[in-house]
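Structure, as C-alpha cells:
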C-alpha cells in the first residue's frame with residue numbers, strides 16, 4: 001500500500017512494477033542487473049480518486065498518461081533497484097498530492113479608473129506620433 005496523505009492510500013493492486021536493464025552509470029553491472037523500474041498506476045480505475053482529481057492528474061501526467069488511463073513512470077536514476085523503486089513511488093505520490101489541490105478560482109477584476117485614463121492617453125499620443133509621419137505637403 002502506498003500512503004499519499006493521512007486519508008488517502010493507493011492499494012497494491014493498482015500498482016504494477018516491472019524491472020528492466022538500465023542505461024547510464026554502472027559499468028558491467030548495467031549489462032547484468034535489471035535496475036530500472038517502470039511503475040504503472042491504474043489511475044482511471046482507482047476507486048480512491050474523485051473524477052476531478054483524475055482530470056487534474058491526467059493534465060499533470062501529460063504524455064505519461066496512457067490511452068488505457070494508467071500513469072507510467074520510468075526511473076533509472078541510481079544503480080540500486082530498491083532506490084529506483086522508492087524514487088518512482090515518491091514521484092507518483094507527489095504527482096497525486098499535487099492533483100489533490102483544487103485550483104483557485106480566478107476573481108475577475110475591473111481595470112482602475114487611472115489605468116483606463118493612462119491607456120487612452122497613451123493611445124492618443126501614439127496616434128499623434130503616427131499622424132506626424134504623413135507626407136509634407138505644399139501649403140497652398
> Counting only residues that are part of a helix (DSSP H, G or I) and modelled with pLDDT of 85 or more, which one in region 21-54 is surrounded by the fewest Cβ atoms within 10 Å (Cβ to Cβ)?
Replying inline: 51
>> Suppose we filter 100, 60, 73 for residues that are within 24 Å of residue 17 (Cα to Cα), touching a helix residue (DSSP H, G or I) at 6+ places or on another chain (Cβ under 8 Å) and surrounded by fewer than 16 Cβ atoms within 10 Å (Cβ to Cβ); which single one remains?
In response: 60
>> Of the conditions (1) in a loop (DSSP other than H, G, I, E, B); (2) at pLDDT below 90, residue 109 satisfies every one except a single condition; which number is it?
In response: (2)
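Select, from 85, 97, the only residue that is assigned to a helix (DSSP H, G or I), in contact (Cβ under 8 Å) with a residue 24 or more places away in the chain and under 19 Å from the mean Cα position of the chain (by Cα). Spell out the reasoning first.
Details: 85 fails: under 19 Å from the mean Cα position of the chain (by Cα).
It is 97.
The values are calculated or read from the model by the stated rules, or taken from the named source; none is laboratory data. Please read these numbers as outputs of a predicted model, since none were measured by experiment. A quick note on method: Cβ atoms are made from the backbone with ideal geometry, for glycine too, and the neighbour counts reach across all protein chains shown.
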